[in-house]
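Peer 1: Sharing a structure with you now.
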Amino acid sequence: MNIHHIITELEKVDPEVYDRLDSRRAVMKSFAKFSGKLALAAVPLALGGMFKKAYGQSTGTILDVLQFALTLEHLEAEFYKKAAAAPNLVPAGPPAGAIATIRDHEVAHVKLLQDTITALQGTPGPMPVFDFSAGNGSNNGPFKNVFTDYDLFLAVAQTFEDTGVRAYKGQAGNLISNNDVLTAALNIHSVEARHASHIRSMRRARTNNSAIKPWITGKDTGGIGAAVQASYDGEELTKQANIEIVGINGTNISANAASESFDEPLTKDQVLAIVDPFIA
Amino acid sequence: MAHELIVPKEQGDNAMLSPKGMQRRKFLTLFAGTAAVAAIAGCSKDDSGDGGIYLGKDDIGILNYAYALEQLEAAFYTQVAMSFYSGVTANEQALLTDIRDHEIAHREFFKKALGTNAIPALEVNFSSINFSSRDSVLGTAKVFEDLGVSAYNGAGMLIKDPQYLLLAGKIVSVEARHAALVRDLINNGSFADNTVVDMNGLDKSNPPSVVLSAAAGFLKSKLNASGLPTS
């Protein structure tokens, strides 16, 4: 990508572009600063962000969303790193392969978000100290065996993935003014859904429980129970845009199918309340 | 095998709107001026003539685009579940039936939400699919699901109304759950392999032009996406 060329072209249609961008020199300097260390994928994001800024749309909201997402990705990345490193937790073969795949994606998401925040002239927030027992730092919470009990580990993994899907979904509207950041967020969002599907399939196979499906039925936790209910409340919705999906247009669509067909968002506050016990 | 979905009579049999229809030619002769022809092409939202079925513009266009893809998926899984491939397991039957219901729910939702703006029921062309073969069915399902995910991901930035963006978001993650499941049925562990997820951990997003050209092989009906937003 030739940044100079883009700026020059822009100058032709908007002679005041440099006033908007402070100065050509400042723009180039700002690019030179991070172009060396910036992940390639983040360059268009940076460019988009720069122009949004120049043309009067605040990056404040977008940065807030990215920082929020970074916290969640840190949570997931650390969780899978610890799980993959825990002795005798994840069985060798396909399970270990799947957890490594998911871990690598979450680590990549952390890096991409950090680079994007930097590119938008923000400072990536620090990684919190996590307590995966859900004990707020006591390391003695309800999930204290999460790295020794494989089924508990999968249950928490499922909850993190399903919550992550809902968290990104809830933020999409806040990114609508920035096409590049929105698209990147959507491309992360569907990867989290792929992870959720696979973890659920792993649990379905292990428990031989056909009620656990790759998708979310009603507000069912998949047998995990009250400790994670907040991650599923609201998923039972069968009405979309005021249209009832059960039996829609004379079909046999059941309430279960109607709820499964649409995943529901969570607000930032709802998500922060869910992850709060996992932060020391 | 080509399947005809329920096509409303006025759209299925309207010779004026058929590319091969004699009446269309006669009709056009009456208005032997290009301006008149252009006006006709421009005013009919269901024009299934040479230009194809017009999806519309702005958010309506994107919703019709999604409606078209959901019609394709729903028709496919309906056929799959009507007569499962040989060797299908009870587990596969249950999951594929669920997916069929989800795709029907999506299709009917868009139909109802679009109301009079909805494109007609599309005619599909599944002649390339062997519905008695597990490989053919799951291979096609994988193509449709990955394509659907990339379509919604690519359409997000084209949507203006945040409520529609949220709706697309509610659907795309379910498509991604399907995609991962189908991939795992084909090859366990391939739910998010490097053919769909890149080094940055990002799924694919495709613009309507790419998605529709991939879908065209499965559709008898021609779609006209000329009104869709591009940014």
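Just so you know, all these numbers are worked out from the coordinates, no wet-lab data involved. Because the structure is a prediction, the values reported are computed rather than measured. Reconstructed Cβ throughout: ideal geometry from the backbone, glycine too, with neighbour counts over all protein chains shown.
Peer 1: Would you mind classifying the stretch A:59-278 by shape? Square roots of the alpha carbon gyration tensor eigenvalues, ordered a ≥ b ≥ c; an a/c under 1.5 is rounded, otherwise it is prolate if a/b is larger than b/c and oblate if not.
Peer 2: Since a/c reaches 1.5 but b/c is at least a/b, the shape of the stretch A:59-278 is classed as oblate.
Peer 1: Give me the distance in nm between label points sitting 7 Å out from Cα along the Cα-to-Cβ direction at residue A:100 and residue A:177, one decimal.
Peer 2: Here the modelled spin labels are 4.4 nm apart.
Peer 1: Here is a follow-up. Report the residues of the stretch B:150-181 in range of a label on residue B:230: point 7 Å along Cα→C-beta, backbone N strictly under 20 Å from it.
Peer 2: Residues B:151-160 fall inside that zone.
Peer 1: When the C-alpha atoms of the stretch A:161-264 are aligned to their principal axes, what extent does each axis show, in angstrom, from largest down?
Peer 2: Per principal axis, max minus min of the Cα coordinates gives 43, 36, 22 Å.
Peer 1: Applying 1/(1 + (r/R0)^6) with R0 = 41 Å to the Cβ-Cβ distance of residue A:149 and residue B:222, what FRET efficiency is obtained, to the nearest 0.05?
Peer 2: Calculated value: 0.15.
Peer 1: Cα gyration tensor of the stretch B:112-231, axes a ≥ b ≥ c as square roots of the eigenvalues: rounded (a/c below 1.5), prolate (a/b > b/c) or oblate?
Peer 2: Oblate, since a/c reaches 1.5 and b/c is not below a/b.
Peer 1: Please give the FRET efficiency for residue B:81 paired with residue A:121, using the beta carbon to beta carbon distance and R0 = 56 Å, rounded to the nearest 0.05.
Peer 2: 0.60
Peer 1: For peptide A:70-78, compute the average count of partner chain beta-carbon atoms within 10 Å of each residue's beta-carbon.
Peer 2: Per residue, the average neighbour count from other chains is 0.
Peer 1: Using a simple spin-label model with points 7 Å from Cα along the Cα→Cβ vector, what separation in nm is obtained for residue B:163 and residue A:267?
Peer 2: 1.8
Peer 1: Still on this structure, I have one more. Compute the Cα gyration tensor for the stretch A:81-134, then decide on rounded, prolate or oblate, letting a ≥ b ≥ c be the square roots of its eigenvalues: rounded whenever a/c is under 1.5, prolate when a/b is larger than b/c in the other cases, and oblate in all that remain.
Peer 2: Because a/c hits 1.5 or more and a/b fails to exceed b/c, the stretch A:81-134 counts as oblate.
Peer 1: Work out the mean other chain Cβ neighbour count within 10 Å for the residues of B:175-187 and drop it here as an integer.
Peer 2: Going residue by residue through B:175-187 and averaging, the value is 6.
Peer 1: If you don't mind, another one. How large is the dipole of the stretch A:59-278 about the Cα centre if only Lys and Arg carry +1 and Asp and Glu carry -1, each at its Cβ, rounded to the nearest 20 debye?
Peer 2: 460
Peer 1: Between residue A:227 and residue A:92, take the C-beta separation as r, use R0 = 45 Å, and let me know the FRET efficiency to the nearest 0.05.
Peer 2: For residue A:227 and residue A:92, the calculated efficiency is 0.95.
Peer 1: Follow-up question, since we're still on this one. If Lys and Arg each add +1 and Asp and Glu each add -1, what is the summed charge of the other residues whose beta carbon sits under 13 Å from the beta carbon of residue B:112?
Peer 2: With Lys, Arg at +1 and Asp, Glu at -1, the neighbours total 0.
Peer 1: Only Cα pairs under 8 Å and at least 6 apart count here; give the relative contact order of the stretch A:59-278 as a rounded whole percent.
Peer 2: Reported as a whole number, the value is 20 percent.
Peer 1: Tally Lys/Arg at +1 and Asp/Glu at -1 over every other residue whose Cβ is under 12 Å from the Cβ of residue B:214; what's the total?
Peer 2: That sum, taken over residues with Cβ under 12 Å, equals 0.
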